[in-house]
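The values are calculated or read from the model by the stated rules, or taken from the named source; none is laboratory data. Quick caveat: nothing in here was measured; it's all calculated off a predicted structure. Cβ coordinates were reconstructed from backbone atoms using ideal geometry, including for glycine residues, and neighbour counts include every protein chain displayed. These accessible areas exclude ligands, DNA and RNA; they are computed on the full protein's heavy atoms, side chains included. Shrake-Rupley method; radii C 1.70, N 1.55, O 1.52, S 1.80 Å.
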Amino acid sequence: MSTVTDVRTYRGFFTVTVLCLVILYAPLAVVTVYSFNASASITVWEGLSLRWYSDVFTGPESAKFKQAAINSFSIALIAASVATAIAVTAATAIVRGGRFWLRLPSLGLITLPIMVPEIVLAVATLIFFNAIGFTRGYLTILVAHIAFCIPFAYLPIQARMQGIDDTYEQAAMDLYASRAQAFRRVLLPLMMPGIISGFLLAFIVSLDDFIITNFVKGAGVETLPTAIFGSVKQGIKPNIMAISTMLLGVSVVMVTISYVVSKWDNTK
Amino acid sequence: MAGGAPAPGGVASQTFASARNWLLMPSWAVLLVFVAAPVAMMLVYSFLTKEFRGGVIWEFSTGAYDQFFCNRGLFGDEPCQIEWTYINIFWRSIWQAGLATVLSLLIGFPTAYFIATRSEKTRALWVFAITIPYWVNLLIRTVSMKFLLRDQGPLNDLLIGLGLTEDPLRIINTNLAVQLGLYYSYLPFMVLPIYAAVERYNFTLSEAAADLYATKWATLRRIVLPAVKPGIVAGCILVFVPSLGAFLAPDLLGGARNFMIGSLIEEQFKGNAGNWPFGAAASMILLTLVLLVLLVSATQQRRTKGAV
């Protein structure tokens, strides 16, 4: 019916949408293209080459970036796993725990790391480790990441659990499953799409973090973002564009997995 | 299918009520110790005395706040006159963040509306396209922006190639660059909540308005916009709050002259030159500002909810 589409659509909105996507993708596209540039200068185009990719792995800065990558990925993996486990238990209490007075304060506490500006959280964490006399390094980064990853893991899990009817667990318990069995065998598998989304989001947020890491890392320990930042301060070099493009690839893979998982409905 | 949904007034699901205290313990422990306690500690530090090699001396002092708000002359013994340096930095940050929010809204609303009115299949793909940049490392996105905007960068090459300008435009290290950077960083945050709100909007209302001879733009302004206002407010907060405390965009794109709150705070903790209590005080002021914004919007949201 033409009248229906007529009230829904506005002229110009499509153009703005295209503009929006161009703005979002143009910088990324340009850097991806230039990462394959054969030239050592970032301004001149000299043809396609994988030179800067091999430079990342074998060049003079390769040891630094390798260590930074190991730190980044191991921290992201551990922090996201721990944060997801904590988020699952918290979501079970909040969504399936009935009404209780600690419910809202718990929700507030869990979302606190998103409410507080990142730079403020960074300052607070630095001051905290300084006050208790804890030497800054790998461990301080890890602990800080676990804390601020919790809300990102929590929100998809809560959303998922709210969509699962509690009759599933009740049926299991009516059939003499213990509470723990009902949780492990019924609720947990049903929640899996939410858990995977939460884990991936937490993982990416940890991998992404620059500000908090920069404050709590101490001397000598670098993650990919802090190493890239240090390098970019002296100007953008082609090897940075190669690293950026590879990290871009990681993000695209993660978001694709998350997208596929979100379409997966296992409650039917 | 809303078994676990805590319907207001309804009975919340309580299958695991007996275990809830145990289940909550890990999150409370981690967040109290590593988020709440640090913020409290920061408040304490903002009232301590500065140690010259970084760190603090445990002696009560209001010096940090005094330095922020008061100009006491060259020797620090004159009566307090308002010190504008830091207030101006805050003011500029609020202005920049506000502008970035308005710009994001102008592009984000039509985008969100357009996506929400597609068929269900294509809608998912559009949302996917908007989500990807949000998952890409913020530092990498900011560096990409810096690369694009450079004096000899692709954007200037394009403009010169098209004959729009002869000399490269100086965009990098200006307010405009910071603006573009902030806007680019947080645009997906604007689109997604508005999209969610428009998707729930009942389009028979628009049809009713059209039947009653409302023009399309009047329908948009008086029917659609009020209905999706919660989504717009959420989007604006999600752009404004992180923009206000942003560090990467002003630092990498703005250069030394376009200082924002984030850089001011960061500088206080860098190496031995900093001033920890002052940095803590500036952070407290920023936190207070953000909490005020959240509080005002929360009461606003409640009022609109009550009206419908």
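Would you please name the residue that is surrounded by the fewest Cβ atoms within 10 Å (Cβ to Cβ), looking only at residues in region B:131-152 that are more than 7 Å from chain A (Cβ to nearest Cβ) and touching a residue at least 40 places away in the same chain (Cβ under 8 Å)?
So, considering only residues that are more than 7 Å from chain A (Cβ to nearest Cβ) and touching a residue at least 40 places away in the same chain (Cβ under 8 Å), the one surrounded by the fewest Cβ atoms within 10 Å (Cβ to Cβ) is B:Tyr134.
Residue-wise test of (1) within 11 Å of chain B (Cβ to nearest Cβ); (2) under 14 Å from the mean Cα position of the chain (by Cα); (3) buried (at least 22 other Cβ atoms within 10 Å of the Cβ); (4) under 30 Å from B:Asn272 (Cβ atoms).
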{"site": "A:Val143", "(1), (2), (3), (4)": "yes, no, no, yes"}
{"site": "A:Arg179", "(1), (2), (3), (4)": "yes, no, no, no"}
{"site": "A:Phe203", "(1), (2), (3), (4)": "yes, yes, yes, no"}
{"site": "A:Ile211", "(1), (2), (3), (4)": "yes, no, yes, yes"}
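For B:Leu182, are the conditions met, namely being buried (at least 21 other Cβ atoms within 10 Å of the Cβ), more than 10 Å from chain A (Cβ to nearest Cβ) and either β-branched (Val, Ile, Thr) or touching a residue at least 40 places away in the same chain (Cβ under 8 Å) (or both)?
Spelling it out, B:Leu182 is indeed buried (at least 21 other Cβ atoms within 10 Å of the Cβ), more than 10 Å from chain A (Cβ to nearest Cβ) and either β-branched (Val, Ile, Thr) or touching a residue at least 40 places away in the same chain (Cβ under 8 Å) (or both).
Quick grid of which residues meet (1) closer than 30 Å to A:Val261 by Cα; (2) modelled with pLDDT under 90:
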position	(1), (2)
B:Phe109	yes, no
B:Ser119	yes, yes
B:Arg141	yes, no
B:Gly153	no, yes
B:Ile172	no, yes
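Run down B:Arg221, B:Arg170 and say which single residue is free of Cβ contacts under 8 Å to residues at least 24 places away in the same chain, under 25 Å from B:Val143 (Cβ atoms) and surrounded by fewer than 16 Cβ atoms within 10 Å (Cβ to Cβ).
After applying the criteria, what remains is B:Arg170.
Would you check if B:Phe203 is closer than 23 Å to A:Phe13 by Cα, more than 10 Å from chain A (Cβ to nearest Cβ) and hydrophobic (A, V, I, L, M, F, W, C)?
For B:Phe203, the condition - closer than 23 Å to A:Phe13 by Cα, more than 10 Å from chain A (Cβ to nearest Cβ) and hydrophobic (A, V, I, L, M, F, W, C) - is not met.
Which is within 12 Å of the chain's Cα centre (by Cα) and at the interface with another protein chain (Cβ under 9 Å from one of its Cβ atoms), of B:Leu244, B:Leu238?
B:Leu244
Looking at region A:45-60, I want the residues that are surrounded by 11 or more Cβ atoms within 10 Å (Cβ to Cβ) and have a partner that is assigned to a helix (DSSP H, G or I) and among the aromatic types (Phe, Trp, Tyr) with Cβ atoms under 7 Å, at least 6 apart or on another chain. Which pairs are those?
A:Val56/A:Phe65
Check B:Ser61 against each of (1) touching a Phe, Trp or Tyr at 6+ places or on another chain (Cβ under 8 Å); (2) buried (at least 17 other Cβ atoms within 10 Å of the Cβ) and name the one condition it does not meet.
Failed condition: (2).
Considering A:Leu142, A:Leu109, which residue is touching a Leu at 6+ places or on another chain (Cβ under 9 Å) and part of a helix (DSSP H, G or I)?
Working: A:Leu142 fails: touching a Leu at 6+ places or on another chain (Cβ under 9 Å).
Only one candidate passes the filter, namely A:Leu109.
Looking at B:Val30, B:Val56, B:Val39, which one is within 12 Å of chain A (Cβ to nearest Cβ), under 32 Å from the mean Cα position of the chain (by Cα), without any contact (Cβ under 8 Å) to a residue 24 or more places away in the chain and surrounded by 14 or more Cβ atoms within 10 Å (Cβ to Cβ)?
One residue alone meets the criteria, B:Val30.
If you scan region B:261-270, which residues turn out to be touching a residue at least 24 places away in the same chain (Cβ under 8 Å) and over 13 Å from the mean Cα position of the chain (by Cα)?
The answer is B:Leu264, B:Phe269.
Here is a list: A:Val186, A:Val253, A:Val221. Which entry is more than 9 Å from every other protein chain (Cβ to nearest Cβ), closer than 30 Å to B:Gln14 by Cα and surrounded by fewer than 21 Cβ atoms within 10 Å (Cβ to Cβ)?
A:Val186
Kindly indicate whether any position in region A:224-239 is modelled with pLDDT of 90 or more, in contact with a helix residue (DSSP H, G or I) (Cβ under 7 Å, 6 or more places away or on another chain) and away from chain B (no Cβ under 11 Å).
For region A:224-239, residues modelled with pLDDT of 90 or more, in contact with a helix residue (DSSP H, G or I) (Cβ under 7 Å, 6 or more places away or on another chain) and away from chain B (no Cβ under 11 Å): absent.
Yes or no: region B:250-268 includes at least one residue that is at negative phi, in a helix (DSSP H, G or I), among the polar types (S, T, N, Q) and more than 10 Å from every other protein chain (Cβ to nearest Cβ).
yes
Are any residues in region A:37-66 away from chain B (no Cβ under 14 Å) and within 26 Å of B:Asp151 (Cβ to Cβ), and if so, which ones?
Scanning region A:37-66 gives A:Ala38, A:Ala40, A:Glu46, A:Gly47, A:Leu48, A:Ser49, A:Arg51, A:Asp55, A:Glu61.
All but one of (1) buried (at least 19 other Cβ atoms within 10 Å of the Cβ); (2) in contact (Cβ under 8 Å) with a residue 60 or more places away in the chain hold for B:Lys229; state the number of the condition that does not hold.
Every condition holds for B:Lys229 apart from (1).
Checking the structure you have, find out if any residue of region A:153-161 is aromatic (Phe, Trp, Tyr) and either within 30 Å of B:Phe47 (Cα to Cα) or open to solvent by 10 Å² or more (accessible area, probe 1.4 Å) (or both).
no
When the residues of region A:71-97 are filtered to those that are over 12 Å from B:Asn21 (Cβ atoms), at the interface with another protein chain (Cβ under 9 Å from one of its Cβ atoms) and small (Gly, Ala, Ser), which remaining residue is most open to solvent (accessible area, probe 1.4 Å)?
Looking at the filtered set, the residue picked out is A:Ala85.
If you check A:Ala147, A:Ala124, which single one turns out to be assigned to a helix (DSSP H, G or I), facing chain B (nearest Cβ under 8 Å) and in contact (Cβ under 8 Å) with a residue 24 or more places away in the chain? Let's see the steps before the verdict.
Details: A:Ala124 fails: in contact (Cβ under 8 Å) with a residue 24 or more places away in the chain.
Going through A:Ala147, A:Ala124 in turn, just one is assigned to a helix (DSSP H, G or I), facing chain B (nearest Cβ under 8 Å) and in contact (Cβ under 8 Å) with a residue 24 or more places away in the chain: A:Ala147.
Condition check: touching a helix residue (DSSP H, G or I) at 6+ places or on another chain (Cβ under 8 Å) and of a type in the set (Ser, Thr, Tyr). Does A:Thr43 satisfy that?
For A:Thr43, the condition - touching a helix residue (DSSP H, G or I) at 6+ places or on another chain (Cβ under 8 Å) and of a type in the set (Ser, Thr, Tyr) - is not met.
Go over the candidates A:Ile196, A:Ile114 one by one and state the one that is surrounded by fewer than 21 Cβ atoms within 10 Å (Cβ to Cβ), in a helix (DSSP H, G or I) and touching a residue at least 40 places away in the same chain (Cβ under 8 Å).
A:Ile196
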